[in-house]
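Okay, so here's the structure we're looking at.
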Amino acid sequence: MSTSGPGADARSTRADIVSVVVVAGDDLDAAIDTAELVDEEIPGITLERLIVGSGSDLADRVRRRLPDAVTLAIDPSASLAAARNAGVAKARGAYVAFVERDAVPEHRWLGGLLDAIRGNANAAVAASKVLYDDRSVAYAE
């Protein structure tokens, strides 16, 4: 496992950073597209984007479009859970959000999650509503 990018060697979390983990799986371009969409400006918060994937050109391809993103190279056979856990292990933020590589996060997606988690001292997890293209709600089966 290897990392590159700002904060790649950081080990402590910070409350003023929100880390967003996108697992590339077999579509790095889609993961980069999604990471680019997570560009919300939240007062007092620094956004850290981590892209987890495989391939010898991972860091170069990400850096061309997102120079500030952290990349994390993992074994291509790693499960989604293992990839996300690797992202969490490298995240610098006190808050970590996951977004699927083919998702289209709406404006205020991240800020809404952050507001929800900060607004409830007993909360440990916040989730967003997932919508299909036709705006209908996607329910877990």
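General remarks:
- Taking all pairs of distinct alpha-carbon atoms in the stretch 19-75, Kirkwood radius in angstrom: 11.4 Å
- Taking Ala73, Ala124, Ala31 in turn, the Gaussian network model of the chain (Cα-Cα springs below 10 Å) assigns the largest fluctuation to Ala124.
- (i) 47, 35, 30; (ii) 40, 36, 25; (iii) 56, 47, 20, with the label sought being that of the calculated Cα extents along the principal axes in Å: (ii)
- Within the stretch 82-141, the trypsin sites (Lys or Arg not before Pro) that combine a DSSP coil assignment with at most 13 other C-beta atoms in a 10 angstrom radius are Arg108, Lys129, Arg135.
- In the chain, the calculated helix contribution to ellipticity at 222 nm averages -8000 deg cm²/dmol per residue, counting -39,500 (n - 2.57) for every DSSP H run with n ≥ 4.
- Other-chain or far-sequence residues with amide H under 5 Å of Arg14's (modelled H): Gly93, Ala94
- Among Leu113, Leu131, Leu58: highest mean-square fluctuation, GNM of the chain, C-alpha pairs under 10 Å: Leu131
- DSSP bridge pairs, the chain: antiparallel proportion in percent, nearest 5: 20 percent
- Between Thr46 and Ile17, Val18, the built amide H atoms are under 5 Å apart, and every one of these is 5 or more places off in sequence or on another chain.
- Prolate/oblate/rounded label for the stretch 59-98 (Cα gyration tensor, a/c 1.5): oblate
Each value in this text was obtained by applying a stated rule to the coordinates, not by laboratory testing. Please read these numbers as outputs of a predicted model, since none were measured by experiment. No Cβ is skipped: glycine too gets one built from the backbone with ideal geometry, and neighbour counts run over all protein chains shown.
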